[in-house]
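The values are calculated or read from the model by the stated rules, or taken from the named source; none is laboratory data. Predicted, not measured: the structure shown is a model, and the values here were computed from it. As a convention, Cβ positions derive from the backbone with ideal geometry for all residues, glycine included, and neighbour counts pool all protein chains shown. Each accessible area value is taken on the protein alone, full model and side chains, heavy atoms only, with ligands, DNA and RNA left out. Shrake-Rupley method; radii C 1.70, N 1.55, O 1.52, S 1.80 Å.
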Amino acid sequence: MLMFLPGIAVGMRRLHDTGRSGWWVWLPSASFSVIVYYVAFLYKLNPSGGHLSPLVFLPIIPFLLCPIATLIFLCQPGTPGNNRFGPPPGNGRG
């Protein structure tokens with residue numbers, strides 16, 4: 001918990017370096033919440049633990065891909081020079 005806010009700040013700065021909005025950093029948390037609530041909803045529909053069709057898990061596939069997209073954005077190189085969020089940090093090599 002101690003590293004949560006600094007981690008969010010670093011992630012936002014990194015996304016700004018790539019020219020993207022810092023709001024992308026919240027996408028994995030939101031996706032995780034949706035998945036947890038959906039699985040809890042499925043459990044409430046079938047509390048006995050009986051067989052569920054694999055098709056009931058199709059709606060959560062986009063929410064599983066969102067954290068992967070954010071990770072890819074974080075791993076990309078920064079934009080050269082200034083972008084809409086200002087100059088690059090440090091010595092300007094992005």
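For segment 1-49, the tally of residues that are farther than 21 Å from G86 by Cβ, open to solvent by less than 90 Å² (accessible area, probe 1.4 Å) and assigned to a loop (DSSP other than H, G, I, E, B) stands at 3.
Just one of the numbered conditions (1) part of a loop (DSSP other than H, G, I, E, B); (2) open to solvent by 80 Å² or more (accessible area, probe 1.4 Å); (3) β-branched (V, I, T) is not true of I72: (1). Does G86 satisfy the condition of being loosely packed, with under 12 Cβ neighbours inside 10 Å and within 18 Å of G11 (Cβ to Cβ)? So G86 passes the test.
Kindly check whether there is at least one residue in segment 52-60 that is open to solvent by less than 80 Å² (accessible area, probe 1.4 Å), assigned to a helix (DSSP H, G or I) and of a type in the set (F, W, Y). Checked against the condition, which is being open to solvent by less than 80 Å² (accessible area, probe 1.4 Å), assigned to a helix (DSSP H, G or I) and of a type in the set (F, W, Y), segment 52-60 yields no hits at all.
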